[in-house]
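To start, the structure under review is shown below, and the notes come after it.
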Amino acid sequence: MKTTKVWLMEVDPVSKVPKMTIVAEGLGMANGIVMDTAKEHVYVADSLGKSVNKYKRDPKTNLLTKLNEIKVNYLIDNLKYDHVTDSVFTGGIVSISVLG
């Protein structure tokens with residue numbers, strides 16, 4: 001079931017009142033969000049979907065438009081963006097064992 005949403009929280013600098021906006025949805029479990037150096041693209045890890053989703057960010061509204069989904073063979077556990085090489089790296093869990 002893909003029910004996870006990605007929220008953007010913006011705080012008004014004068015009133016200090018937060019405004020919450022859904023900027024992406026339809027993920028199994030968002031577990032890591034990074035943005036590229038130019039702040040044009042946002043990458044969201046979906047642990048349950050075993051994928052990294054790439055979004056284009058609208059600089060005026062911060063809303064995200066999904067561009068593509070990169071499937072992997074493991075549960076993703078967070079993302080890291082390397083601003084030198086312009087690369088996204090994932091950590092992951094390949095297998096889970098029950099100890100008893």
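Residue pairs, Cβ under 8 Å, 6 or more apart or interchain, first in the range 60-77 and under 10 Å from Val42 (Cβ atoms), second of a type in the set (S, T, N, Q) and exposed (fewer than 14 other Cβ atoms within 10 Å of the Cβ). List them.
These pairs meet every condition: Asn62/Thr21.
Out of (1) within 27 Å of Ile96 (Cα to Cα); (2) assigned to a loop (DSSP other than H, G, I, E, B); (3) of a type outside the set (Phe, Trp, Tyr), what's the single condition that is false for Val44?
(2)
Select from the range 70-89 the residues that are among the polar types (S, T, N, Q) and more than 17 Å from Thr4 (Cβ to Cβ) and list them in ascending order.
The answer is Asn73, Thr85, Ser87.
Determine if the range 9-27 includes at least one residue that is among the polar types (S, T, N, Q) and either at pLDDT below 90 or in contact with a Gly (Cβ under 6 Å, 6 or more places away or on another chain) (or both).
No, the range 9-27 contains no residue that is among the polar types (S, T, N, Q) and either at pLDDT below 90 or in contact with a Gly (Cβ under 6 Å, 6 or more places away or on another chain) (or both).
Just to be sure before I move on: is Asn31 closer than 19 Å to Val94 by Cα and assigned to a loop (DSSP other than H, G, I, E, B) in the structure I sent?
no
If I ask for residues that are closer than 23 Å to Gly92 by Cβ and assigned to a loop (DSSP other than H, G, I, E, B), which ones from the range 1-28 would you list?
The answer is Met1, Lys2, Thr3, Gly28.
Which count do you get for residues in the range 34-75 that are under 20 Å from Phe89 (Cβ atoms), among the hydroxyl-bearing types (Ser, Thr, Tyr) and more than 12 Å from the chain's Cα centre (by Cα)?
The total comes to 2.
Which members of the range 47-100 meet the condition of being assigned to a strand (DSSP E or B), of a type in the set (A, V, I, L, M), modelled with pLDDT under 90 and exposed (fewer than 15 other Cβ atoms within 10 Å of the Cβ)?
Across the range 47-100, the qualifying residue is only Ile93.
Would you confirm whether or not the range 62-69 contains a residue that is out of contact with any Cys (no Cβ under 9 Å at 6 or more places or on another chain) and more than 22 Å from Thr3 (Cβ to Cβ)?
no
The values are calculated or read from the model by the stated rules, or taken from the named source; none is laboratory data. Note that the structure is a prediction, hence the values are computed from the model and not measured. Reconstructed Cβ throughout: ideal geometry from the backbone, glycine too, with neighbour counts over all protein chains shown.
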